[in-house]
Every structure is written in structure tokens, then in C-alpha cells.
Amino acid sequence: MQNAGPLLAETAALIQAGRKGEAVLLVNRLALMGDVSALSILADWRLSGDIVPQDLTLARDLYRRAGEAGNEAAAVFHTNLLANGLGGGRDWKGALARLKIEARHDPHRRRALAVLDRMKLDAVGDPVSLPPARRLSEAPDLRLLPRLFSADECDYLVEAAKPGFQPSVVVDLDSGRDYQDPIRTSDGSTMHWLIEDPAVHALNRRLAAIGGTAAEQGEPLQVLRYRPGQQYRTHMDWLPGEANKRVLTALVYLNEGYGGGETAFVKTALEVKGRKGDAILFRNALPDGRPDPASEHAGLPVTKGVKLLASRWIRERRHMP
């Protein structure tokens, strides 16, 4: 695989010097010549929209081309995008075929395939069945789904998330940007669309199914790690001013054996602490679309051990990055 470092350093220097146009011309010219480094850099740019206008369809095609030119990471990204459908039609069958080839030489892809093979899925990756839900509360509308994820699936999510852990952030309501705030002191790893492999995507489809929503309505899955003393203080997942509102929250408990760390609904004094693989699903919005005050909640401080949790916010409509 060609090392993109030198070209990346050169383009970064040009951008730093205020010569972004030259950097874009350089990368585009090399990409047209089939340069693998340029193809992968341009794919990242087209995905993010930071340097050039965002074009998810073009980004996916650029990852395909970079993968075919020898960039193994780009090939994996293309497989993942085929599985989750970002930037074009969703090709679940094609993604699985590619995953099986990648698993021959990549231990992580082999692990993802093994987890996937144990899931009971239909032809498009949806769960064949779901555990019966138990209602814990009417206000907020809160349900518990015992053992929604298997122990192996929980372990896989934690393993896949480990490289990405960093201090958790919250959304600034004025700018829409993420920032660190003492309200939330956990570490988080976001399983964004490029690293949402077919196994993670199948789990996201299961979370969508328990809420009767489409997988495309979900934000990227987050895996959260709380050490002793860490917590998420009282908050609401509802974001005011958003046209595409967060209407549901799904939480999956990925381990047991820690002290504290209950999910507390402050208006009702209800506290939940699931077993490994248990999920809770609660609604953030009232039937008329307004935020539900009863959904205000907190992740109480962990007193012993480490708490691991998967979290997914679900929107009214398809959510785009």
C-alpha cells in the first residue's frame, strides 16, 4: 500500500499557507492519474466537506478506486459503505462477499465476520426476531429489551471501539459544534460510517427495529466508557432548533460488575441498570413533537470498576453526516 504521508504533509502545508486552491489542484491532478494517495485523500475530503464541497457519492467511488489501486484501508471503507448505504445504493450481499475476502488476511475483519455469522438475519441484514420488550414507564415512554445483544456482540463492540476512545463531547446549541463540557466526563468512541463495519451495521439495524425506525435515521453508534467518578449529569437528548429532531434514544449495557452508573430519570426517580446485552429504548418527544420533560436523565457516577455502554440517538428522518 502506498504511503499517503508525504502528499498529505505537502497539501497540509499548502493549506496552512493559505494556498488551498493549489492543494486541491495538486490532489485532483494526481487522482486523475490514479495516484493511490491522492485518491484516498480526495475521498476523505469529499466525505467531510471541509476542503472541497461534500459529495458522498463521489467519496464512496473514490474509496473504491483507492482500494482497487492498493489502499487496503480504503477498500475496507468501501465495503462498509456498501453495507450501510452511505453515498449510494445499499448492497448488503456485495458487502458480505467483500468482507469474506478481506477476512482471509485481516484478523479484525475475520472477527467481524465470525460475529456476523452467528446473527440470525434476513437477506438484507435485518434481525429475524427480537426479544419481547418490557415497559418500565409510561412517562417517559421507556422499554427494556433483555439480552438484545449477545455477550459476544457486546465484547466485539468494545474491542472495535478501543482505538477510538477520547473524551466525550456535547453539542453547542448555538453553533452546532461538539465541545468538551464537565457535564459529561466519560470517554467515547464514535463508530462513524467509514468504520461501521457490516457487523456493527447489523447491530444498528437491530436497534432501529426495536423502535420501528429505519437504520438510516440513527446517528453513528457511540461506545462509552465510564471510569470511577465519571458520569453524564442531568440532560436531555432532545436538541432544540434541529429540523430533524432526535426522537428516540437506545442504550445497550455492554458489561456488568461495576458499582453505580445507573441511568436515572430525574423527573420520576426511576433508575435502570441493565445486565450485559440488555437495552433500553426511550422516547424524547411527545406525540405532538415537543420535547418530553420526563425524558430528562443522567448517567450516575460510577463508584467501582468500569461501565461500558453503547448509545444511539435516532432522528425523525434520515440522518446525514
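The values are calculated or read from the model by the stated rules, or taken from the named source; none is laboratory data. In this text the structure is predicted, and so the values were computed from the model without any measurement. Note: ideal-geometry Cβ built from the backbone for every residue, glycine included; neighbour counts use all protein chains shown.
Within segment 204-235, being surrounded by 18 or more Cβ atoms within 10 Å (Cβ to Cβ), within 20 Å of Thr185 (Cα to Cα) and of a type in the set (Val, Ile, Thr) holds for one residue alone: Val223.
State whether one or more residues within segment 172-180 are farther than 20 Å from Ala215 by Cβ, modelled with pLDDT of 95 or more and surrounded by 12 or more Cβ atoms within 10 Å (Cβ to Cβ). Spell out how you get there, then give the answer.
Let us first name the residues in segment 172-180 that are farther than 20 Å from Ala215 by Cβ, namely 172-180.
Now restrict to residues that are modelled with pLDDT of 95 or more: none.
For segment 172-180, residues farther than 20 Å from Ala215 by Cβ, modelled with pLDDT of 95 or more and surrounded by 12 or more Cβ atoms within 10 Å (Cβ to Cβ): absent.
For segment 23-64, what are the residues that are surrounded by fewer than 19 Cβ atoms within 10 Å (Cβ to Cβ) and touching a helix residue (DSSP H, G or I) at 6+ places or on another chain (Cβ under 6 Å)?
In the first step, residues of segment 23-64 are kept if they are surrounded by fewer than 19 Cβ atoms within 10 Å (Cβ to Cβ); the result is 24-26, 28-30, 32-34, 48-58, 61.
Passing the criteria: Leu30, Ile51, Val52, Asp55, Leu58.
Scanning segment 169-212 for residues that are over 30 Å from Leu82 (Cβ atoms) and hydroxyl-bearing (Ser, Thr, Tyr) turns up Ser175, Tyr179, Thr185, Ser186.
Taking the conditions (1) modelled with pLDDT under 95; (2) surrounded by fewer than 19 Cβ atoms within 10 Å (Cβ to Cβ); (3) assigned by TED's automatic domain parsing to the domain that holds Leu203 in turn, Trp238 satisfies each one other than (2).
Do the conditions hold for Met320, that is, is it hydrophobic (A, V, I, L, M, F, W, C), surrounded by fewer than 19 Cβ atoms within 10 Å (Cβ to Cβ) and not assigned by TED's automatic domain parsing to the domain that holds Gln180? Spell out the reasoning first.
Details: hydrophobic (A, V, I, L, M, F, W, C): yes; surrounded by fewer than 19 Cβ atoms within 10 Å (Cβ to Cβ): yes; not assigned by TED's automatic domain parsing to the domain that holds Gln180: yes.
It is true that Met320 is hydrophobic (A, V, I, L, M, F, W, C), surrounded by fewer than 19 Cβ atoms within 10 Å (Cβ to Cβ) and not assigned by TED's automatic domain parsing to the domain that holds Gln180.
For segment 196-213, name all the residues that are more than 15 Å from the chain's Cα centre (by Cα) and over 15 Å from Leu251 (Cα atoms).
Initially, segment 196-213 is screened for residues more than 15 Å from the chain's Cα centre (by Cα), giving 209-213.
Scanning segment 196-213 gives Gly212, Thr213.
The numbered conditions (1) within 21 Å of the chain's Cα centre (by Cα); (2) surrounded by fewer than 21 Cβ atoms within 10 Å (Cβ to Cβ); (3) of a type in the set (S, T, N, Q) are all true for Thr268 except (1).
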